[in-house]
Amino acid sequence: MKIYLDNCCFNRPYDDQSHLRIRLEAEAKLKIQEETRNGMHELIWSYILDYENSKNPFRERREQIAEWRKYAVDDVIESREVLGVAAMLQEQGIKKIDSLHIACAIEAGSDYFLTTDDGVLKKAALIQGIKVTDPIGFIKEVLA
């Protein structure tokens, strides 16, 4: 199963863990990564993950997230197709950076797009061609 984790997902373990939702999402994301390392899922990477991660002001976090690129079975680059899908998603009210992540996931044939971004999750039903959920939803749907 191909999965794409957006930058919010990769950063979730670094967020304030005193909030139950954040802690549960972080644990679910770490479980998904463990299973990816063990070959249960195929990770998709993209140029937009590289770009967004490069803007992380915390060097150690940036480097740890970048290490996940080596587990990727596909690394999507910018293309006319990606930009076209992103433009359609933006017409549905999805922010540019989020639309680029989703478009890369779709272009690579990902089965799931995982995010902790409430704005994206609220529009999940509008997004065609991929299942959009958070790490907890993925665990409940796929790993249960």
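The values are calculated or read from the model by the stated rules, or taken from the named source; none is laboratory data. All figures in this text were calculated on a predicted structure; none of them were measured in a lab. Please note: Cβ atoms are built from the backbone with ideal geometry, for glycine as well, and neighbour counts cover all protein chains shown.
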Next on the checklist: Show the residue pairs meeting these rules: Cβ distance below 6 Å; 6+ apart or different chains; first residue within segment 39-67 and aromatic (Phe, Trp, Tyr); second residue at pLDDT 95 or above.
Outcome noted: Trp45/Arg69; Trp45/Ala72; Trp45/Asp75; Tyr47/Ile77; Tyr47/Glu78
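Would you check which residues across segment 68-92 are acidic (Asp, Glu) and within 15 Å of the chain's Cα centre (by Cα) and list them?
Start the filter on segment 68-92 by keeping residues that are acidic (Asp, Glu), which leaves 74-75, 78, 81, 91.
The answer is Asp74, Asp75.
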Next on the checklist: For segment 124-144, which positions are closer than 20 Å to Asn11 by Cβ, in contact (Cβ under 8 Å) with a residue 24 or more places away in the chain and out of contact with any Ser or Thr (no Cβ under 6 Å at 6 or more places or on another chain)?
Outcome noted: Val132, Pro135, Ile136, Phe138, Ile139
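So, in segment 95-110, how many residues would count as being in contact (Cβ under 8 Å) with a residue 24 or more places away in the chain, outside any loop (DSSP other than H, G, I, E, B) and under 12 Å from the mean Cα position of the chain (by Cα)? Reasoning before the result, please.
Filtering segment 95-110 down to residues in contact (Cβ under 8 Å) with a residue 24 or more places away in the chain leaves 95, 97-98, 100-102, 104-110.
Now restrict to residues that are outside any loop (DSSP other than H, G, I, E, B): 97-98, 100-102, 104-107.
Restricting the remaining residues to those that are under 12 Å from the mean Cα position of the chain (by Cα) gives 97-98, 100-102, 104-106.
Going through segment 95-110 one residue at a time, the tally reaches 8.
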Next on the checklist: Where the second residue is small (Gly, Ala, Ser) and not in a helix (DSSP H, G or I) and the first is in contact (Cβ under 8 Å) with a residue 12 or more places away in the chain and surrounded by 17 or more Cβ atoms within 10 Å (Cβ to Cβ) and lies in segment 3-25, which pairs have Cβ atoms under 9 Å and are six or more apart or on separate chains?
Outcome noted: Ile3/Ser110; Tyr4/Ser46; Tyr4/Ala108; Tyr4/Ser110
Checklist entry - Which one of these does Gln92 not meet: (1) under 29 Å from Arg23 (Cα atoms); (2) free of Cβ contacts under 8 Å to residues at least 60 places away in the same chain? => result (1)
Checklist entry - Can you name the condition, by its number, that Glu52 falls short on among (1) more than 14 Å from Phe10 (Cα to Cα); (2) surrounded by fewer than 21 Cβ atoms within 10 Å (Cβ to Cβ)? => result (1)
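Can you find, within segment 18-44, the residue that is nearest to the chain's Cα centre (by Cα) among those that are assigned to a loop (DSSP other than H, G, I, E, B) and farther than 18 Å from Asp117 by Cβ? So that I can check it myself, show each step before the final result.
At the first step, the residues of segment 18-44 found to be assigned to a loop (DSSP other than H, G, I, E, B) are 18-19, 38-41.
With the extra rule that they be farther than 18 Å from Asp117 by Cβ, the set shrinks to 18, 38-41.
On the way: Ser18: 23, Asn38: 19, Gly39: 18, Met40: 17, His41: 13 Å.
This residue is His41.
For segment 125-140, which residues satisfy the criterion of being more than 11 Å from Lys31 (Cβ to Cβ) and in contact with a strand residue (DSSP E or B) (Cβ under 7 Å, 6 or more places away or on another chain)?
Initially, segment 125-140 is screened for residues more than 11 Å from Lys31 (Cβ to Cβ), giving 125-134, 137, 140.
Matches in segment 125-140: Ile130, Lys131, Val132, Thr133, Asp134.
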Item to check | Positions within segment 111-138 being in a helix (DSSP H, G or I) and buried (at least 20 other Cβ atoms within 10 Å of the Cβ), in sequence order | outcome: Val120, Pro135, Phe138
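What number of residues in segment 76-87 are surrounded by 15 or more Cβ atoms within 10 Å (Cβ to Cβ) and outside any loop (DSSP other than H, G, I, E, B)?
First, pick out the residues of segment 76-87 that are surrounded by 15 or more Cβ atoms within 10 Å (Cβ to Cβ): 76, 78, 82, 85-86.
From the residues that got through so far, the ones that are outside any loop (DSSP other than H, G, I, E, B) too are 76, 82, 85-86.
Number of matching residues: 4.
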